[in-house]
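**Q** Got a structure for you, questions after.
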Amino acid sequence: MTEHFKMETPATERRLDDMAQGLVGAPLDRPEGPLKVTGTATYANEWQIEGMAHGVMVRAPGNSGRVILANRDDVAKLPGVLAVIQDDRLLRNPAQGTANEAPVQSPHHAAYLGQLIAVVVAETFEQARHAAQSLQVTLENAQMVQVDPATAAVEPQDGQALDQGDLDAAMRDAPHSVDLVYTTPSHSSAPMEPHASIASWQGGDLTLRGSYQMLKYNRNELADSLGIHPDRVRIISPYVGGGFGSKLGLAPEAVAAAIAAQELGRPVSVALQRPQVFEATMRRSETRQRVRLAADAEGRLTGLGHDARVSNLPGESFAEPVLQASHFLYAGANRRMSLELARLHRMCAGSVRAPGEAVGVTVLENAMDELAHEIGIDPVALRLRNIPEKDPESGKDYSSRRFREALESGAEAFGWADRPGVKERREGEWLIGYGMASAARVNVLMESQARVTLLPDGTARVETDMTDIGTGTYAILGQIAGDMLGLPRDRVEVVLGDTTLPPAAGSGGSWGASSSGTSVYLACEAIRRQLAQRLEVDEHDLTLKDGRATYANQVKSLSDILQGDEIAKLGHVKPGDTSTDVRQATFGAYFAEVAVHAASGETRIRRMHGSFAAGRILNAKTARSQCLGGMTFGIGIALTEELAFDPRDGHVANHNLAEYHIPVNADVPQLTVELLEERDDWANPMQAKGIGELGICGAAAAITNAIHNATGVRVRDYPATLDKVIAGM
Amino acid sequence: MRSFEYTRAESTGAATRDAATGGTFIAGGTNLLDLMKLEVMAPEALIDINRLDLNQIEGTEDGGLRIGALVTNSDLANDSRVRRNWPVLSRALLAGASGQLRNKATTGGNLLQRTRCLYFYDRAMPCNKRAPGSGCAARDGFNRILAVLGTSEHCIATHPSDMAVAMRALGAEAETLKEDGTTRRLTLEELYLLPGDRPDRETVLEPGELITAVVLPAPVRARQTYRKVRDRASYAFALVSVAGIVAMENGRITKANLAFGGLAPKPWRDAAVEELLTGEAPSDALFNRAADLLLADAQGFGGNDFKLPLTRRTLVSVLTELTQEARI
């Protein structure tokens, strides 16, 4: 029995507010947390399978030419080596998120330095690694190819272009305006767990233990890559040690493991080496962004322009959606936006940590700060003055938007009123500054399915191929089912990460919790109806709590109602008209205090606050953790993170965690997070919106704006490393 | 990683004999094992010296300190004598690496760690240090972290140690044991070589020669500090670091031992700079003259040009801090 539901009209009933169990929203621990912190949650590459061989992948040493494995026969004879494989089906780069088909497959031609072009398989990992390192790869007919986005040929992305009113005139006539160019570098997802897969075949059926975010797509991508039917493929991925976008689409190691296991007739494990994670998964494109803002004397925007250049490999369609939130965050009648894609031979660009807004809102928020400074008004006041009544381009209503409250409440919580003037506050050798920025991210509902089974003993099981990439899926799905079925959290089992289970939306785009959560909600609603039917009452008159049903002045335990039966329902949600009838987005505001060393230009963040509104909060603890993580990545964007490409061949020079600088504990101060109460009836029947990425969407600007407040220096070329700060001091 | 023989040394003498015929010592292994996994280093034999009796810290007759080569960075940083009398060393150690690495890394190993030049670690790239004669990819590549002093056309790598910078300022000496049983003492100035046309040769140590201890001279009455400037607050190598030991008398500088990290292929010390400062009254003008002298021969390679102004600013700031009270 399937409960189909398409989100066509607002869900105004808000049933989760009426449930008696009181789980949804509570700051509950993750049920799998103890497994993870004790090392007993088995991650993809930790499975020990009888007869397993080990593969290590080999990179192209250049960015063009035909790949020749010069000493292949010698390597094949090295101790323990089972195979040197350069199969046509090996991937050039990972699949883009939700691609649902094979990415480019090209092991014979190099497109970028670091491309994985072969896999060497041996009895032990050490033998395989040595053999892989011994393989001499040469490139025939290599040519000079473009690796620099500044000089590369560009393709306008016409679908992204907007020209509304007359921005040039608005800029010309405005008493206040800014016209700025900012650049942001490429970022790496840098998950702690490297991409890893173990493939084993049973006849024509493939089982892949992998580390992936979106299994229903990944299964199709893997099947298409191998040229087999998706029914023959099972992917298991119960625990994922961080994805951040880099595990949305199928990556090269999965196909390599599958091919090797097929060829050798035994299970094969392939894990990417740490440098390979940096060079051959996905990067966020670098961006060059021009922002134009025109304002009247009171600081009301009359014009907003945002033009961006991003890059990708030839043939890749993904273009970092820089402008996504610029379309709806602020007012301004005259608007122009454009996006262009430069073609070059660096590693593939794709989704990394809030693609689009993470860098797009950041630069827009820098420009707003510069405009506030130009006008001479409080940056918070400038934003409050420019909250549009309706979507400034489509004229549609916002589904829900506590943007104003986030700005005001965040300013109050942080103590924004004490903001010093530019270069005004100094403590010893440290210059102190405050900065703020707005947060915004689109909200999306995706098709998703889950099965919920109420078992005769009065416990429940939730099953879906949804993933938990460290976000809290196990926790929140159990909370939703527990609330709807009146069960304590420990009487709900949540089973995830297996393509034999109903296909879910997957983890990405901040849509996982609301999409998969809704499917669980729907299944539970159907179970409630069946229980009510058995009790011959209206479902709405049924109160479920602690395993008991209360109805018409009677109390009965669930097991008594079930009488040895189980009730299994499949919930199936699809997005509908509410996705397009209104503008759906999440909002917030960041506030940061920094100290910049007057001599060295080093920036230390002293404290940072975020106020966010993202519809109903399903778990106050895991939601807060998502925001903390986002703000931490914001610190990385602001101060430390940059994939350094060699200017000659475009390879990633800093391809390890020692030189690609993710913020460490010492870089992250006390962060505070406020989650504003909100219900979004247009989003889904739970009134919840996505919160996974909101914490990063503009966060870096609060920090760089604070650097300006401390030092008077505008660093317009991210990250704001000390050399750029002292250059302006 | 290539296959290798493994020997656990029973005595220092046995260790030097085993190493003289092609073995490489391993202690904490925090750098060597990474290099072996990448096959940047591929020793035929590892001589494990961890069980040798080289992990004592003891006073010397003249009031100095003898630090066994196997004393871990954590133990050394937290030794009460070091914290009291040679605080620059404790601070430098704690500025380096991470807690986990400091628990494992040893005094001798820290001195002999290899550069973090990214091209040295990538076997697809030319590197005269890794593959003599292949060229230097760093000069025209990503060289943000690399050297501006003491470089050659063949190599612009830096020595990554923080500890060694403090030891250089303190005038520490390494005690070694050679294969033939003789010992010698080397100042850090003597220990390290500049790259010249042989960047693969980094020290004067002979095959089999083992650092057994580092000896600190008696403490001096002076203010000490270690200032490390880096791209993130922890677990990042120095862009520039300064170990400063400065004494004042009657408003004048009587001693100024200054060593620099992140600038050169070895912990850098410039006698002329120290001479210039000695006997003078502290002032911004003086400190800037010191920076002029220090950086007279400095050369950036594009991505690391900023190290010149950064070094100047940091040196002035450190000297200001160390002379501050006396200037009032």
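**Q** Would you kindly calculate the mean projected area, averaged across all directions, of the convex hull enclosing the Cα atoms of segment A:347-395, in square nanometres?
**A** 5.2
**Q** May I ask you to list, by number, the DSSP H helices of chain B whose Cα span along the axis is at least 27 Å and whose average Kyte-Doolittle hydropathy reaches -1.0 or more?
**A** Those that clear 27 Å and a mean of -1.0 are B:307-327.
**Q** Ranked highest first by the average count of other Cβ atoms within 10 Å around their residues, in what order do A:446-459, A:355-368 fall?
**A** On the way: A:446-459: 22.0, A:355-368: 28.5.
In decreasing order of mean packing, A:446-459, A:355-368 become A:355-368, A:446-459.
**Q** Another question, then. Which residues' amide hydrogens lie under 5 Å from the amide hydrogen of B:Thr203, considering only partners 5 or more residues apart or on another chain, with H built in the peptide plane?
**A** B:Leu193
**Q** Could you give each residue of segment A:657-667 its phi-based ³J(HN,Hα) in whole Hz, using Karplus coefficients 6.51, -1.76, 1.60 with θ = phi - 60°, and x for Gly or Pro?
**A** Per-residue couplings from phi come out as 6, 7, 10, 8, 8, 5, x, 9, 3, 5, 8 Hz.
**Q** For segment A:452-502 and segment A:226-246, what is the centre-to-centre distance using only Cα atoms, to the nearest Å?
**A** 20
**Q** By the gyration tensor of its Cα atoms, with a ≥ b ≥ c the square roots of the eigenvalues, what is the shape of chain B: rounded for a/c under 1.5, prolate for a/b over b/c, or oblate?
**A** It is oblate, given that a/c is not under 1.5 and a/b is not larger than b/c.
**Q** Per residue of B:228-239, what is the mean number of Cβ atoms on other protein chains within 10 angstrom of that residue's Cβ? Mind dumping the intermediate values first?
**A** Numbers: counts 2, 6, 4, 11, 13, 13, 5, 8, 7, 2, 0, 5.
Partner-chain Cβ atoms within 10 Å, mean over residues of B:228-239: 6.
**Q** With the solvent-accessible surface defined on protein heavy atoms using a 1.4 Å probe, which residues belonging to segment A:709-728 display a reduction of at least 50 Å² in accessible area in the multichain context relative to the isolated chain?
**A** Buried on complex formation: A:Leu722, A:Asp723, A:Ile726.
**Q** Let me have the 222 nm mean residue ellipticity of chain B computed from DSSP H runs of 4+ only, each contributing -39500 (n - 2.57), with the sum over all residues rounded to the nearest 500.
**A** Helices in chain B give a 222 nm mean residue ellipticity of -8000 deg cm²/dmol.
**Q** Leaving ligands, DNA and RNA out of it, report the carbon-plus-sulfur percent of the accessible area of the protein assembly as shown at a 1.4 Å probe.
**A** On the way: 17090 of 37320 Å².
On the protein assembly as shown, the fraction of accessible area on carbon and sulfur atoms equals 46 percent.
**Q** Pop out the Kirkwood hydrodynamic radius of segment B:225-323 from its pairwise C-alpha distances, inverse of mean 1/r, in Å to one decimal.
**A** 13.7
**Q** As a test of understanding, state the convex hull volume per residue of segment A:498-638 from its alpha carbons, in Å³. Spell out each step's value before the answer.
**A** Details: hull volume 26.9 nm³, N = 141.
It is 191 Å³ per residue.
**Q** Under 21 Å between alpha carbons: how many lysine pairs meet that in chain B, if sequence neighbours fewer than 8 apart on the same chain are excluded?
**A** 6
**Q** Kindly report the accessible area of segment B:5-48 per residue (heavy atoms of protein chains, probe 1.4 Å, no ligands, DNA or RNA), in Å². It would help to have the intermediate numbers written out before the result.
**A** Values: 1950 Å² over 44 residues.
Ligands and nucleic acids excluded, the figure is 44 Å² per residue.
**Q** Which of the lysines could a cross-linker bridge to A:Lys216, judged by Cα under 30 Å and excluding same-chain residues fewer than eight apart?
**A** Once the sequence-local lysines are set aside, what remains near A:Lys216 is A:Lys6, A:Lys36, A:Lys247, A:Lys569, A:Lys574, A:Lys621, A:Lys689.
**Q** In addition: Loop only by DSSP, 16 or fewer other Cβ within 10 Å of the Cβ. Give me the GluC sites (Glu not before Pro) in segment A:1-108 that pass, ordered by residue number.
**A** In loop regions of segment A:1-108 (DSSP not H, G, I, E or B), the sparsely surrounded GluC sites (Glu not before Pro) are A:Glu8, A:Glu13, A:Glu50, A:Glu101.
**Q** For chain A, what is the calculated [θ] at 222 nm in deg cm²/dmol (nearest 500), taking -39500 (n - 2.57) for each run of four or more DSSP H residues and dividing by its residue count?
**A** -7500 deg cm²/dmol
**Q** While we're looking at this one, here's another question. Sequence-distant or interchain residues sharing an amide H contact under 5 Å with A:Ser311, placed H: which?
**A** For A:Ser311, the qualifying residues are A:Glu286, A:Glu320, A:Ala342.
**Q** How many angstrom lie between the Cα centre of segment A:600-674 and the Cα centre of segment A:261-319?
**A** Answer, in whole Å: 17.
**Q** Further question on the same structure: For segment A:538-560 and segment A:94-153, compute the distance between their C-alpha centroids and round to whole Å.
**A** 60
**Q** What does the extension gain come out to for B:Lys104 and B:Thr183, with contour length at 0.36 nm per residue minus their alpha carbon separation?
**A** 25.8 nm
**Q** Just need the Rg to Rh number for segment A:168-315, please, alpha carbons only, Kirkwood Rh.
**A** The Rg/Rh ratio comes out at 1.25.
**Q** Accessible area per residue, 1.4 Å probe, Å², for chain A: what's the number?
**A** 33
**Q** Counting only heavy atoms of the protein chains, get the accessible area per residue of segment B:225-323 (1.4 Å probe) and round it to a whole Å² value.
**A** 33
**Q** Using heavy-atom solvent-accessible surface (probe 1.4 Å) with all chains present, what is the largest-first order of B:Phe142, B:Phe301?
**A** Reading off the accessible areas and sorting them downward yields B:Phe142, B:Phe301.
**Q** Segment A:276-366: D in µm²/s via Stokes-Einstein (Kirkwood Rh, Cα pairs, 4 °C, 1.567 mPa s)?
**A** 92
**Q** Something else about it: With the convex hull built on the Cα atoms of segment B:5-48, state its orientation-averaged projected area in nm².
**A** The orientation-averaged projected area of the Cα hull of segment B:5-48 comes to 2.9 nm².
**Q** With a ≥ b ≥ c taken as the square roots of the eigenvalues of the C-alpha gyration tensor of chain A, please select rounded if a/c is under 1.5 and otherwise prolate if a/b is larger than b/c or oblate if it is not?
**A** oblate
**Q** Using protein chains only (no ligands, no nucleic acids) and a 1.4 Å probe, work out which residues of segment A:618-663 have their accessible area cut by at least 40 Å² relative to the chain alone.
**A** The answer is A:Arg648, A:Ala653, A:Ala658, A:Glu659, A:His661 - residues whose exposure falls by at least 40 Å² when every protein chain is included.
**Q** Also, quick follow-up: Taking only the alpha-carbon atoms of segment A:26-160, what semi-axes of the equivalent ellipsoid follow from 5 times the gyration tensor eigenvalues under a square root, in whole Å, largest first?
**A** 32, 29, 12
**Q** Chain pair B, A: how much accessible area is buried, both chains summed, with a 1.4 Å probe, in Å² to 100? Walk me through the numbers on the way to the answer.
**A** On the way: alone 14640 and 25590 Å², together 37320 Å².
Looking at B and A, the buried total is near 2900 Å².
**Q** Sequence neighbours fewer than 8 away in the same chain don't count; with that in mind, list the aspartates and glutamates whose C-alpha is under 16 Å from A:Lys724.
**A** A:Glu602, A:Glu641, A:Glu642, B:Asp231, B:Asp305
**Q** If you don't mind, another one. Mind ranking A:520-526, A:700-706 by how tightly packed they are, going by the mean number of other C-beta atoms within 10 angstrom, highest first?
**A** A:700-706, A:520-526
The values are calculated or read from the model by the stated rules, or taken from the named source; none is laboratory data. Keep in mind the model is a prediction, meaning the values are calculated, not measured. So basically every Cβ, Gly included, is an ideal-geometry build from the backbone, and we count neighbours across all protein chains shown. To get the accessible areas, we keep the full protein, side chains included, count just its heavy atoms, and leave off ligands, DNA and RNA. Shrake-Rupley method; radii C 1.70, N 1.55, O 1.52, S 1.80 Å.
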